[in-house]
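Enquirer: Starting off with a structure, shown below.
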Amino acid sequence: MAIIETQNLTYVYSEGTPFRKVAIEDINISIEEGEFVGIIGHTGSGKSTLVQHLNGLLKPTSGTILYDGKDIHSSKEFTRSVRFNVGLCFQYPEYQLFESSVYKDIAFGPQNMGLSEEEINEHVLRAADFVGIKKEMLKKSPFDLSGGEKRRVAIAGVIAMEPKVLILDEPTAGLDPKGRDTIADMIDNYRKSTGSTVIVVSHSMEDVAKSASKVLVMNKGQVEFFTGVKEVFSNAQRLVEIGLNVPQITGILMDLKAKGYNVRTDIYSVDEAKSELLRFFKERGVL
């Protein structure tokens with residue numbers, strides 16, 4: 001059974017006013033436990049609005065969101081429990097740090113869950129370990145850390161609740177390449193270690209292609225594709241048409257194809273591209 005499911009989900013901003021805007025419309029998706037789902041789409045496609053529904057932060061204008069088969073808005077108590085089980089980390093989460101120490105910031109979520117001091121400590125230490133925060137750093141003020149360290153602390157604050165579903169909205173935004181790789185690897189390792197479902201909103205096609213098991217493509221508030229990574233990136237031309245970049249390696253192969261070279265364009269990894277180019281050169285007698 002799906003851990004998260006949406007049925008005809010629609011959300012309208014400023015309903016009943018001249019500024020009415022349909023943000024997402026008739027979204028029907030089903031996400032299984034343990035999946036790694038990447039969400040991509042052009043700016044304003046509804047990505048962030050969608051994920052804010054998945055833990056009850058926003059309430060649908062119409063339609064239903066199910067967690068473990070139950071409507072997340074069936075009662076206030078259930079909505080509250082869902083927010084602990086479906087952890088949401090906003091874009092630039094470091095701006096939400098506020099405590100006097102890294103430890104206290106990470107502990108904020110577990111404290112609100114009503115855990116004992118011993119349990120809170122265990123959750124904090126596990127979360128810190130997942131994101132690579134050393135024990136001596138826990139005593140520091142979060143405001144004394146680098147940008148990348150702050151990002152990891154903020155993500156640890158969500159992980160510390162040990163949610164069954166971890167949602168991250170643009171977790172690598174604004175980081176340098178090394179910082180992006182660190183965060184991306186950390187998220188992938190977290191999913192593999194815990195078996196949790198992970199949903200990541202991202203503008204990085206490379207990150208999505210590398211880690212996701214399924215990709216949800218949003219276009220003008222609706223689902224354009226929701227399928228396996230290979231199937232999505234085999235529609236590279238359509239992705240370009242709706243304003244998305246394809247993985248860089250896919251773009252190179254598309255350029256070669258456009259110039260008359262008989263190469264596949266449904267490739268999104270360097271290793272696959274290497275094999276395809278070797279095949280092409282052998283056929284032409286170059287190798």
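Enquirer: Could you tell me whether region 23-37 includes any residue that is closer than 30 Å to residue 150 by Cβ, within 18 Å of the chain's Cα centre (by Cα) and surrounded by fewer than 16 Cβ atoms within 10 Å (Cβ to Cβ)?
Expert: The answer is yes, given that some residue of region 23-37 is closer than 30 Å to residue 150 by Cβ, within 18 Å of the chain's Cα centre (by Cα) and surrounded by fewer than 16 Cβ atoms within 10 Å (Cβ to Cβ).
Enquirer: Take the residues in region 256-287 that are within 29 Å of the chain's Cα centre (by Cα) and farther than 23 Å from residue 224 by Cα, then tell me which one is surrounded by the fewest Cβ atoms within 10 Å (Cβ to Cβ).
Expert: Among those residues, the one meeting the criterion is 271.
Enquirer: Now, a different point. What pairs come out if I take residues in region 45-71 that are closer than 15 Å to residue 166 by Cα and in the same structural domain as residue 22 (by TED's automatic domain parsing) and pair them with residues that are of a type in the set (Phe, Trp, Tyr) and not in a loop (DSSP other than H, G, I, E, B) whose C-beta lies under 7 Å away, six or more apart or interchain?
Expert: 53/11
Enquirer: Here's something else I'd like to know. Suppose the filter is among the acidic types (Asp, Glu) and within 30 Å of residue 208 (Cβ to Cβ); does residue 162 pass it?
Expert: yes
Enquirer: Also, quick follow-up: Quick check on region 1-22: of everything there that is assigned to a loop (DSSP other than H, G, I, E, B) and among the polar types (S, T, N, Q), which residue is farthest from the chain's Cα centre (by Cα)?
Expert: Checking each candidate, the answer is 17.
Enquirer: Being farther than 22 Å from residue 54 by Cα and either basic (Lys, Arg) or at pLDDT below 95 (or both) is the requirement here; does residue 213 meet it?
Expert: no
Enquirer: Could you grab me the full set of residues in region 108-124 that are touching a Leu at 6+ places or on another chain (Cβ under 9 Å) and closer than 13 Å to residue 158 by Cα?
Expert: Of everything in region 108-124, those that are touching a Leu at 6+ places or on another chain (Cβ under 9 Å) and closer than 13 Å to residue 158 by Cα turn out to be 123, 124.
Enquirer: So if I check each of 86, 37, which one is out of contact with any Ser or Thr (no Cβ under 8 Å at 6 or more places or on another chain), in the same structural domain as residue 204 (by TED's automatic domain parsing) and within 30 Å of residue 247 (Cβ to Cβ)?
Expert: 86
Enquirer: Can you confirm whether residue 106 is in the same structural domain as residue 204 (by TED's automatic domain parsing) and farther than 30 Å from residue 229 by Cβ?
Expert: yes
Enquirer: Moving on to the next point. Please work out which residue is surrounded by the most Cβ atoms within 10 Å (Cβ to Cβ), limiting yourself to region 69-115 and to residues that are assigned to a helix (DSSP H, G or I) and among the acidic types (Asp, Glu). Working first, answer last.
Expert: Residues of region 69-115 that are assigned to a helix (DSSP H, G or I), as a first pass: 76-85, 93-96, 102-112.
Right, trim to among the acidic types (Asp, Glu) and you get 77, 94, 105.
Values: 77: 8, 94: 20, 105: 24.
The extreme case among them is 105.
Enquirer: Taking the stated definitions as given, is residue 96 of a type in the set (S, T, N, Q) and over 29 Å from residue 30 (Cβ atoms)?
Expert: yes
Enquirer: Might you let me know whether region 37-51 holds any residue that is part of a loop (DSSP other than H, G, I, E, B), out of contact with any strand residue (DSSP E or B) (no Cβ under 9 Å at 6 or more places or on another chain) and more than 30 Å from residue 175 (Cα to Cα)?
Expert: Among the residues of region 37-51, not one is part of a loop (DSSP other than H, G, I, E, B), out of contact with any strand residue (DSSP E or B) (no Cβ under 9 Å at 6 or more places or on another chain) and more than 30 Å from residue 175 (Cα to Cα), which makes the answer no.
The values are calculated or read from the model by the stated rules, or taken from the named source; none is laboratory data. Keep in mind it's a predicted model, so treat the numbers as computed, not measured. Neighbour counts are summed over all protein chains in view; Cβ atoms, including those assigned to glycine, are modelled from backbone coordinates with ideal geometry.
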